[in-house]
Amino acid sequence: MAQKLRNIAIIAHVDHGKTTLVDHLLRQSGTFRDNEEVVDRVMDSMDLERERGITILAKNTAVWFGDTKINIVDTPGHADFGGEVERVLKMVDGAMLLVDASEGPLPQTRFVLGKALEAGLEVMVCINKIDRPDARADEVLDEVYDLFIDLGADEEQIEFPVLYACAKEGYCHLENRLEPGDLRPMFEAIVNHIPAPKGDPNALPQILVTQLDHDRYVGRIAIGRIINGTVRRQQSLMLMTADSQKPVRVVQLYNYEGLTRVETDEVAAGEILAIAGIEDLDIGDTLTDLEDPQPLPRVVVEEPTIGVLFMANDGPLAGQDGKYMTARQIRERLEKECQTNVALKIDPDSPSDALRLFGRGELQVAILIEQMRREGWELCVSKPEVVVREEADGSRLEPFETAELDFPEEYMGVVSEKLNLRKGRMTTMKMMGSGRVRVEFLLPARGLIGFRGEYLSDTRGQGIVNTLFAGWKPYAGHFLSRKNGSMVCDRKGQTTAYALFNLQPRGKLFVGSGTDVYEGMIVGENSRENDLNVNATKAKQLTNVRSAGADEKLILAPPMQLTLEKAMEFIAEDELMEVTPQHIRLRKRVLAANMRSVVRGERKKPKKKRG
């Protein structure tokens, strides 16, 4: 059975065509009926994945090529979801590296390839999007060879097969040519170059749990790879967790056919399987023989680099939208999320009134908050803060990132100035032709918090930025992430057009007329450095005194629409983001105006009692 099976992961930088390629592999392998209606990017099953056009969770499917079954794992390409890639590489024997024929290897390409080589996987390379007008497939292949050498690949690993594909049109070739065709050369390359699983079906069973799912009928489902042995339905096994072990029974057993899980009675070594009926297990646990338990090494991923405080919403408008809002419920929801997402961790030393969650990046945390919003949660979130390590010798280390930026040449000055202020240091610069430049900066991870929005504004939306974790380095010192202060409402009520019209010259507004506000709520960005307490509810006095020309037409500019990412980038250390199913509001941690200072970074000193 192992000789007729292949397990492969498709890895790449974000938006290099992984999910589109899997679509056509499924179509051309006969997974769908001829008359079946299939949506594009069928593997992106989450609503958020379809809306944002990115893969968030790694998912597996299975196709047949002749008499060979090929298990394919589609992985995320964004750096914030790198934990998903590290987790699923334990399930496969080989990987296909997709590289854009125009953009070439980008930071996440380096990350995923490095992890694949580190795991000892056989790697194939596919140069995708060869139909782009600016494609430079031969140059990109040279860059891929340089990347393999730079990552320390051995002689066998660097002798990889190369395919040239247009995933959008569903064809590939062994040479760089634009001719219609199909993906048969890719199927053949997978069968010929990716090794069959090495497990022994007659040995003691060993299953590594790498993913968790839930079904409303059968409960928790453990997904993983059977390394050795054979597993049967109703078989008794030993569950080996990080610090304990207990006997369990396999209630339901599944393997994969296309996009669906299919019930089966027996699964042998090398297969990717799903087991239902076992509660209290986590990613990284081992299911093994009852009499002679033999645990496998646990899944280890890189440490998270940023932390965010989650707390119950205690604002005046709390409880109007959400179904779940207490601190206990928020803790339970985050603990449940950490069970299925190995890149997230809860800080055991969190403050008494909040919960600090550590993650890989702003996008990862924003996706989690958006999922909670849609489930009916109401909560407050702090500004993301980087994790700082305290060494034994008293020195402090912080995470650094490599930022690769691609933008038109005329914006070189303003981009360099912004990154220099954030303690960035340019390491490489390359002129890409057609008026664009690609530069690489090394800077603290906290320097990227709030940078993306400014960068897109500075480059008129034409800039592209990609980042990669570059290790822990000495603390770079203090710098201001945001120059301007906030416009803070000083009383509860509803905003009026008259008040907002008079506030417009002071800065950018976040709210429109008729919006419910309260004392301490941020209604805009001040044009100056300090905060400004304002009355956004002031109404025009209705008197019987009239004079010619006293009334003027009130024209309000549209308020800035805050998304989760924009709001997280904007807030300062003394501010919070209030998230409900219907609203995203910004507020001060201390709501009362007489208890906080308008000077940024300064705390209000309590008044001394007389006598």
Exercise. If each Cα of the chain is one equal point scatterer, what is log10 of I(q)/I(0) from the Debye formula at q = 0.06, 0.08 Å⁻¹?
Worked result: -0.38, -0.67
Problem set entry | Cα gyration tensor category, rounded, prolate or oblate, for the stretch 410-459 with a/c compared to 1.5 | oblate
For this session: Report the label-to-label distance for Y145 and D516 in nanometres (one decimal), using points 7 Å from each Cα along the Cα→Cβ vector.
Result: 6.5
Problem set entry | Label-reachable residues, the stretch 260-287, where backbone N falls under 19 Å from a point 7 Å from N202's Cα toward its Cβ | 267-271
Exercise. Which residues does a label at N533 reach in the stretch 558-599, if reach means a backbone N under 14 Å from a point 7 Å past the Cα toward the Cβ?
Worked result: 588, 590-599
Exercise. R0 = 22 Å: FRET efficiency of D131 with R425, Cβ-based, nearest 0.05?
Worked result: 0.05
Exercise. In Å², what does the accessible area per residue of the chain work out to with a 1.4 Å probe?
Worked result: 47
Problem set entry | Overall Cα dimensions of the stretch 460-562, principal axis frame, Å, largest first | 69, 32, 22
Exercise. Round to a whole number: what % of the accessible area of the stretch 550-596 belongs to carbon and sulfur, probe 1.4 Å?
Worked result: 57
For this session: Note down the nm distance, to one decimal, between modelled labels 7 Å out along Cα→Cβ at V590 and at D349.
Result: 2.5
Problem set entry | S434-K168 FRET efficiency (beta carbon distance; Förster radius 25 Å; 0.05 resolution) | 0.70
Exercise. What part of the accessible area of the stretch 394-491, given as a whole %, is carbon or sulfur when the probe is 1.4 angstrom?
Worked result: 53
For this session: Please give the contour-minus-distance gain from N192 to D47: 0.36 nm per residue of separation, less the Cα-Cα distance, rounded to one decimal in nm.
Result: 48.6 nm
For this session: Rounded to the nearest 0.05, what FRET efficiency do Q339 and R396 give with R0 = 30 Å and r taken as the Cβ-Cβ distance? Could you check?
Result: 0.45
Seminar exercise, completed: Counting Lys and Arg as +1 and Asp and Glu as -1 over every other residue whose Cβ sits under 11 Å from the Cβ of R587, the net charge comes to -2
Problem set entry | Too-long pairs where the Cα-Cα distance tops 30 Å, listed order kept, from K18/K473; K59/K115; K418/K588; K168/K383; K423/K492; K336/K423 | K18/K473; K168/K383; K423/K492; K336/K423
Seminar exercise, completed: Taking a ≥ b ≥ c as the square roots of the Cα gyration tensor eigenvalues, with a/c under 1.5 meaning rounded and otherwise prolate when a/b beats b/c or oblate if not, the stretch 365-425 comes out oblate
Problem set entry | Packing-based ranking, highest mean first, of 77-86, 554-563 given that Cβ atoms within 10 Å are counted | 77-86, 554-563
Seminar exercise, completed: With 0.36 nm assigned to each residue of separation and the Cα-Cα distance removed, E266 to D215 gains 16.3 nm
Exercise. Hey, any idea what % of the stretch 59-157's accessible area is carbon plus sulfur with a 1.4 Å probe?
Worked result: 45
Problem set entry | Between the stretch 246-284 and the stretch 161-227, the alpha-carbon center distance in angstrom | 18
For this session: Could you tell me what percent of the DSSP beta bridges with both partners in the chain are antiparallel, to the nearest 5?
Result: 80
Exercise. What would the Debye formula give as log10 I(q)/I(0) at q = 0.16, 0.19, 0.23 Å⁻¹ for the alpha-carbon point model of the stretch 107-172, no solvent?
Worked result: -0.57, -0.78, -1.04
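The values are calculated or read from the model by the stated rules, or taken from the named source; none is laboratory data. Please read these numbers as outputs of a predicted model, since none were measured by experiment. In this analysis, Cβ positions are derived from the backbone assuming ideal geometry, glycine residues included, and neighbour counts consider all displayed protein chains. Surface accessibility is based on the protein's heavy atoms, side chains included, excluding ligands, DNA and RNA. Shrake-Rupley method; radii C 1.70, N 1.55, O 1.52, S 1.80 Å.
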